[in-house]
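Okay, so here's the structure we're looking at.
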Amino acid sequence: MDAPQPSGAEASAKVIDGKLVAQQIREEIAAEVSRMKDAIGAVPGLAVILVGDRKDSATYVRNKKKACEAAGINSFEVRLQEDSAEAEVLKHIAAFNDDPAVHGILVQLPLPKHMNEENVLNAVSIEKDVDGFHPLNIGRLAMRGRDPLFVPCTPKGCIELLRRSGVQISGKRAVVIGRSNIVGMPAALLLQREDATVTIVHSRTKNPEEIVKQADIVVSAVGQSNMVRGSWLKPGAVVIDVGINAVEDASCSRGYKLVGDVCYEEASKVASAVTPVPGGVGPMTIAMLLSNTLASAKRIHNFQ
């Protein structure tokens, strides 16, 4: 999508509606789940393990459960106390690894400090790693000519938003802000797979705004409210904002509002298309989780 250049300060970017796209994807998944059930009597199953009582994590898990129900996917859930032993988590992962009714296993991050995240994630069977965090899946994602069994949900959602919005990725300059294992790094690998020329900007980068200004596509996943200003963006760039940051706002009933990494008001005057926060990348993450779970069930049951 080569958008016309905005003329004047009033020009406003196309809003990439993640809620709408995610809803379409969830309807497609529900139809496939029902076709699979009718054809072979099997239903995809997703197991979630939640340790501790972080409010945000509990909210995510509740939303995942609701989304599974709506798509006809079975959901299994284990909730453990904050002070549980790591061995307890590993025991539940082993049981889900062996359970033929479970096609995807998700350990809700972050884990409590006393647990080794790497040990826990490595314990999930690669065939059921619907989060795409297993080192073998990430390794295959990084290599040309290899395909991971699963791609991490949030970056996969970013690419899907670009595709379904008609944005051309091949040959474009893309900048990813942030290099986390969960979003930044896999997002950069995925953009590279789509033949973009990719630069990663991180906390040690000198003159980040100069680098961002060269990008046709900007994916920001850094977790700093309104860090990316309109002046950082090339006119006509496409902006995917992964950040979800709570900032105090007395005018909101909750006392805070959610904003992205990108200053939305400024960006929408410069960019050709931009994702809002909330309602952009967020809903896509759960849609991609359902998509990965369905793909896993199809693979395990050899169902086309």
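In this structure, Leu111 qualifies as assigned to a loop (DSSP other than H, G, I, E, B) and either open to solvent by less than 30 Å² (accessible area, probe 1.4 Å) or farther than 17 Å from Lys298 by Cα (or both).
Annotation: Ser125 fulfils all but one of (1) of a type in the set (Gly, Ala, Ser); (2) over 18 Å from Leu149 (Cα atoms); (3) in contact (Cβ under 8 Å) with a residue 24 or more places away in the chain; the unmet one is (2).
One residue alone among Lys206, Lys172, Lys234, Lys156 is at pLDDT 95 or above, open to solvent by 80 Å² or more (accessible area, probe 1.4 Å) and of a type in the set (D, E, K, R), and that residue is Lys206. Name the residues in segment 32-53 that are open to solvent by 60 Å² or more (accessible area, probe 1.4 Å) and assigned to a helix (DSSP H, G or I), would you? Hits for segment 32-53 are Arg35, Lys37, Asp38, Ala39, Ile40.
Rundown of residues vs (1) modelled with pLDDT of 95 or more; (2) under 20 Å from the mean Cα position of the chain (by Cα); (3) of a type in the set (A, V, I, L, M, F, W, C), yes/no style:
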residue	(1), (2), (3)
Gly166	yes, yes, no
Ala250	no, no, yes
Leu258	no, yes, yes
Val262	yes, yes, yes
Glu265	yes, no, no
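Going by what's in this entry, would Gly243 be described as closer than 30 Å to Ala30 by Cα, of a type outside the set (Phe, Trp, Tyr) and in a loop (DSSP other than H, G, I, E, B)? Yes; evaluated as a whole, the condition is true for this residue.
Residue-by-condition table, conditions (1) hydrophobic (A, V, I, L, M, F, W, C); (2) outside any loop (DSSP other than H, G, I, E, B); (3) farther than 30 Å from Asp99 by Cα:
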| site | (1), (2), (3) |
| --- | --- |
| Val198 | yes, yes, yes |
| Ile211 | yes, yes, yes |
| Gly223 | no, no, yes |
| Ser231 | no, yes, yes |
| Cys252 | yes, no, yes |
| Gly279 | no, no, yes |
| Met288 | yes, yes, no |
| Asn302 | no, no, no |
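Counting residues in segment 87-96 that are out of contact with any Ser or Thr (no Cβ under 9 Å at 6 or more places or on another chain), outside any helix (DSSP H, G or I), open to solvent by 70 Å² or more (accessible area, probe 1.4 Å) and of a type in the set (Lys, Arg) gives zero. For Val239, the conditions (1) over 21 Å from the mean Cα position of the chain (by Cα); (2) open to solvent by less than 40 Å² (accessible area, probe 1.4 Å); (3) under 28 Å from Asp56 (Cβ atoms) all hold with the exception of (1).
The values are calculated or read from the model by the stated rules, or taken from the named source; none is laboratory data. Because the structure is predicted, anything quoted here is derived from the model rather than measured. Please note: Cβ atoms are built from the backbone with ideal geometry, for glycine as well, and neighbour counts cover all protein chains shown. Surface accessibility is based on the protein's heavy atoms, side chains included, excluding ligands, DNA and RNA. Shrake-Rupley method; radii C 1.70, N 1.55, O 1.52, S 1.80 Å.
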